[in-house]
Amino acid sequence: MPGTDNRVVAGVLVPDTPIVDRALEYARQRCEPYLFNHVVRSWLFATRLGQIQNITHDAEVVAVGTLLHDITLNESFAGPRRFEVEAADLAGSFARESGLDERRAQLIWDSVALNSTPSIGLYKEAEVSLCTAGICLDVIGWQYDRIPSKEIERIVAEFPRLGMKMRMTRCFCHIAKVKPELTYDNFVRDFGERFVEGYKAPSSVDFVADAPFPE
């Protein structure tokens, strides 16, 4: 953003502002170390993807959206709604309490709520799209080749993965086990079907068939 002070984190130029510092601390308090490193890497990847592609964006919004996108993902999650929506409400409140206007707060809400729905998030505003892209790069390697390998190596070295694949899988399986009703229309269903014995989520087919209308 024009006029915003900057600093370098793991070789990436990022905004150095009070709200970014608060978001970093909020994420650190809410996330286990492996997950905190994940959200920071996602932020740095999102930032670099925007810089490399010359995408005009609100760097503070991208920072807050990526840093707070997984603050409800843990092995004690109990709902009552999807972990992404629970996190989005917290992130939106954080943004408004930090003085951001409603449009910027809404972009942060969307970035968090859609963080595991790239089929939608990648086609929204630049900030939401970049948040989604940075998260996808760190989780599944999407657009991995777009950022120079030396840059990725430095980011991962400074914020190591700490067994993220296994730890994140355990979180998703926990959700599938204790809240299968929250997984019928999102990727957590895949983890439930593969790893959770007796898992059964509601079906969209049944929702359509059982709609209370005469035909």
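Here, each number is a calculation from the coordinates, and none is a lab measurement. From a predicted model like this one, the values you see are computed outputs, not experimental measurements. Cβ coordinates were reconstructed from backbone atoms using ideal geometry, including for glycine residues, and neighbour counts include every protein chain displayed.
Computed quantities for the displayed model
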read-out: Tilt relative to the chain, helix 102-113 - C-alpha long axis, 0 to 90 degrees, to 10; value: 60
read-out: Cα centre as origin, Lys/Arg/Asp/Glu Cβ charges: the range 6-161 dipole, Debye; value: 240
read-out: GNM result for the chain, Cα springs below 10 Å: residue of Asp145, Asp58, Asp16 fluctuating most strongly; value: Asp145
read-out: 0 to 90° range, to nearest 10: angle between helix 83-97 axis and the chain longest Cα axis; value: 40
read-out: Gaussian network model of the chain, Cα within-10 Å springs - most flexible of Glu25, Glu197, Glu125; value: Glu197
read-out: Under 24 Å between alpha carbons - lysine pairs in the chain that sit 8 or more apart or on different chains; value: 6
read-out: Using alpha-carbon coordinates, inclination of helix 149-158 to the longest axis of the chain, degrees; value: 80
read-out: Top of Trp109, Trp43, Trp142 by mean-square fluctuation, Gaussian network on the chain, Cα under 10 Å; value: Trp142
read-out: Relative contact order (percent, whole number), the chain, Cα cutoff 8 Å, 6+ residue spacing; value: 21
read-out: Per-residue [θ]222 nm for the chain (sum of -39500 (n - 2.57) over DSSP H runs n ≥ 4, rounded to 500); value: -18000 deg cm²/dmol
read-out: Rounded if a/c under 1.5, otherwise prolate or oblate - the range 47-116, Cα gyration tensor axes; value: oblate
